[in-house]
1. For the chain, what is the calculated [θ] at 222 nm in deg cm²/dmol (nearest 500), taking -39500 (n - 2.57) for each run of four or more DSSP H residues and dividing by its residue count?
2. What are the semi-axes of the equivalent ellipsoid of the range 1-55, taken as the square roots of 5 times the eigenvalues of the Cα gyration tensor, listed largest first and rounded to whole Å?
3. Across bins of 5 angstrom width beginning at 0, how are the C-alpha pair distances of the range 31-71 distributed, in whole percent?
4. What ranking do 24, 30, 71, 55 get, fewest neighbouring Cβ atoms within 10 angstrom at the top?
5. Taking the number of other C-beta atoms within 10 Å as the exposure measure, put 56, 26 in order starting with the fewest.
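Just so you know, all these numbers are worked out from the coordinates, no wet-lab data involved. Owing to the predicted nature of the structure, the values given are computational and were not obtained by experimental measurement. Every residue, glycine among them, receives a Cβ derived from its backbone with ideal geometry; neighbour counts consider all protein chains shown.
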């Protein structure tokens, strides 16, 4: 599991936006990029080319679940 100290300093490599931990993924809070980075063996894979872009509805649901703004 990713500890809070690491989560506090990690940002999306593309947008530099804050990330939220959602299961086995880190999700960017940036509405424009909506990147999701997987976590393997407790190591976040923070490569843009290895990430996926979430559709808007899925991204909004994740942001709502974590109390983040969706505007």
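1. Helix-only estimate at 222 nm: -6000 deg cm²/dmol.
2. Here the semi-axes work out to 16, 12, 9 Å.
3. Reading upward from the zero bin: 5, 23, 25, 21, 20, 5, 0.
4. Listed from fewest to most nearby Cβ atoms, that is 71, 55, 24, 30.
5. Going from least to most buried by this count: 56, 26.
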